[in-house]
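All remarks here apply to the structure that follows.
The values are calculated or read from the model by the stated rules, or taken from the named source; none is laboratory data. Please read all numbers here as calculations on a predicted model, not as lab measurements. Because the Cβ atoms are built from the backbone with ideal geometry, glycine has one as well, and the counts that use them run over all protein chains shown. The accessibility values were calculated without ligands, DNA or RNA, using every heavy atom of the protein model including side chains. Shrake-Rupley method; radii C 1.70, N 1.55, O 1.52, S 1.80 Å.
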Amino acid sequence: MQGGTLTVEIDEQIIYNQLGEKKTAVWSLLLASGYLKVVQTEVSARDGRDYYTLALTNREVRLMFEEMVRGWFWEENDRYTDFIQAMLLGDVEAMNEYMNEVTQAVFSYFDTGKNPAKEEPEKFYHGFVLGLMAELKGRYVFTSNRESGFGRYDVMLEPVDEKDDAIILEFRVFKPRIEKDLTDTVQAALRQIEEKNYEAALRARGIPKERIRTYGFAFQGKKVLIEGGN
């Protein structure tokens, strides 16, 4: 399938008090509200759960979300475009520079939460980075929170063109009780990609290991540290 879609597990029965607890609840809400539509369903051979490939309902909805994302960044638009270019080139130093500039300008206390060890800020960061990926639609197929190997990756970008590399992103919020600094956090994210074998789904589609790039994202409030895997 071409870009512009997102494959996730959702619960069609919305319980509103789950919106702050379940990562997938927001997709159920957007689907029920008419902003998203189901274009394909698939049953996982591993656990028998239903996964839905979702797309924006129409052009008007797409334009609305594009304007909303632009509004997050105002004059920072050029900087987050630079971030995407740096990611595609594998320039981790530039990715860190651009991402930290954007987060300093855009993030607020209310976005990142009072306690960064809790799940809510991680969901915010996850959604924020997904928003940055919007301009790659048509070039990549996006999936999020889907099973691969022995767990669920955060974001996977599967290239439409064979000349592009596949990309796996894993997000982790700094946990002060078990981690000394963001270096520990980002290394934990990269270990999770490796130990859970998140590359399995891409390898099954014939993408060789040397064409799969992995990035760990570590967050602490407005601070971000990004590192690439081996």
Query raised in the report: Quick one: ASP184 ticks every box in (1) in contact (Cβ under 8 Å) with a residue 40 or more places away in the chain; (2) out of contact with any helix residue (DSSP H, G or I) (no Cβ under 6 Å at 6 or more places or on another chain); (3) charged (D, E, K, R) bar one, so which box is it?
Result: (1)
Requested in this report: Filter region 156-185 down to residues that are of a type in the set (A, V, I, L, M, F, W, C) and under 15 Å from the mean Cα position of the chain (by Cα) and give me whichever is farthest from GLU135 (Cα to Cα).
Outcome: VAL173
Report task. Could you grab the pairs with beta carbons closer than 9 Å, sequence gap of 6+ or different chains, first residue in region 124-143 and open to solvent by 40 Å² or more (accessible area, probe 1.4 Å), second one in a helix (DSSP H, G or I) and of a type in the set (Ser, Thr, Tyr)? Result -> PHE124/THR112; GLU135/TYR80; GLU135/THR81
Query - helices (runs of 4 or more DSSP H) wholly inside region 10-106 that include at least 2 residues being of a type in the set (Val, Ile, Thr) and at pLDDT 70 or above - result: 77-89, 92-106
Query - region 146-194: number of residues that are modelled with pLDDT under 90, of a type in the set (Asp, Glu) and surrounded by 21 or more Cβ atoms within 10 Å (Cβ to Cβ) - result: 1
Query raised in the report: Going through region 196-229 one residue at a time, which ones are open to solvent by 20 Å² or more (accessible area, probe 1.4 Å), under 26 Å from GLU162 (Cα atoms) and among the charged types (D, E, K, R)?
Result: LYS196, ARG203, ARG205, LYS209, GLU210, ARG211, ARG213, GLU227
